[in-house]
1. Quick one: would you say Val9 is modelled with pLDDT of 95 or more and either touching a Phe, Trp or Tyr at 6+ places or on another chain (Cβ under 6 Å) or of a type in the set (A, V, I, L, M, F, W, C) (or both)?
2. Tell me which of these Gly27 doesn't satisfy, since it passes every other one: (1) under 22 Å from Lys109 (Cα atoms); (2) surrounded by fewer than 11 Cβ atoms within 10 Å (Cβ to Cβ).
3. Taking the criterion of being among the polar types (S, T, N, Q), assigned to a strand (DSSP E or B), over 24 Å from Asp14 (Cβ atoms) and over 10 Å from the mean Cα position of the chain (by Cα), would at least one residue in the stretch 60-75 satisfy it?
4. Can you tell me which of Pro30, Pro83 is in a loop (DSSP other than H, G, I, E, B) and at pLDDT 95 or above?
5. Mind listing whichever residues of the stretch 36-74 are β-branched (Val, Ile, Thr) and in contact with a Phe, Trp or Tyr (Cβ under 6 Å, 6 or more places away or on another chain)?
6. Give me the pairs: first residue in the stretch 70-83 and in the same structural domain as Gly103 (by TED's automatic domain parsing) and on the phi > 0 side of the Ramachandran plot, second residue outside any loop (DSSP other than H, G, I, E, B) and modelled with pLDDT under 95, beta-carbon distance under 6 Å, and six or more apart or on different chains, which are they?
7. Say whether the condition of being over 15 Å from the mean Cα position of the chain (by Cα), in a strand (DSSP E or B), surrounded by 13 or more Cβ atoms within 10 Å (Cβ to Cβ) and not aromatic (Phe, Trp, Tyr) is met by at least one residue in the stretch 4-23.
8. Could we say that Gly103 is in a strand (DSSP E or B) and in the same structural domain as Gln4 (by TED's automatic domain parsing) here?
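The values are calculated or read from the model by the stated rules, or taken from the named source; none is laboratory data. Note that the coordinates shown come from a computational prediction; the quantities given were computed from them, not determined experimentally. Here the Cβ positions follow ideal geometry from the backbone for every residue, glycine too, while neighbour counts run over all protein chains shown.
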Amino acid sequence: MANQVKLVVYPAKDLDKTKKYFSTFLGTEPYVDGDWYVGYKVGDLELGLDPNGKAVICYTDTDDIEASVETMKGVGGEVVMEPKNVGGGLMVAQLELDGNVVGLRQHPKK
């Protein structure tokens, strides 16, 4: 499993207002700008806005999402979202322990 945070997703109840706020804060426009997600590149980190989000979630990348989910379950994590393809072969999963949700992300194999 990787241990470097690669993506941080913030909830955004008012996506337009939050997008303007983060564009100003980061000094850049989003590279993804949709109704379902807005994403910014900040160095090696991606910062995302999710209009359906409930909490801030940090994601790490993994080469084997299924194995990483099992590893996290082994240390007490409860699956909030099973691994699923969110588009283009990108797989994501979420686990929770003690109210803290973390995410795993597996990019498509090249």
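1. Values: modelled with pLDDT of 95 or more: yes; either touching a Phe, Trp or Tyr at 6+ places or on another chain (Cβ under 6 Å) or of a type in the set (A, V, I, L, M, F, W, C) (or both): yes.
When the stated conditions are applied, Val9 passes them.
2. The failed condition is (1).
3. So in the stretch 60-75, the residues among the polar types (S, T, N, Q) come out as 60, 62, 68, 71.
Keeping just the survivors that are assigned to a strand (DSSP E or B) gives 60.
With over 24 Å from Asp14 (Cβ atoms) added as a condition, the list becomes 60.
From what is left, the residues that are over 10 Å from the mean Cα position of the chain (by Cα) are none.
Looking for residues that are among the polar types (S, T, N, Q), assigned to a strand (DSSP E or B), over 24 Å from Asp14 (Cβ atoms) and over 10 Å from the mean Cα position of the chain (by Cα), one finds none in the stretch 60-75, hence no.
4. Of Pro30, Pro83, the one residue that is in a loop (DSSP other than H, G, I, E, B) and at pLDDT 95 or above is Pro30.
5. Val56
6. Gly76/Leu97
7. If we filter the stretch 4-23 for residues that are over 15 Å from the mean Cα position of the chain (by Cα), which is where we start, we get 13-23.
Remaining after also requiring in a strand (DSSP E or B): none.
No, the stretch 4-23 contains no residue that is over 15 Å from the mean Cα position of the chain (by Cα), in a strand (DSSP E or B), surrounded by 13 or more Cβ atoms within 10 Å (Cβ to Cβ) and not aromatic (Phe, Trp, Tyr).
8. On the way: in a strand (DSSP E or B): yes; in the same structural domain as Gln4 (by TED's automatic domain parsing): no.
The answer is no for Gly103.
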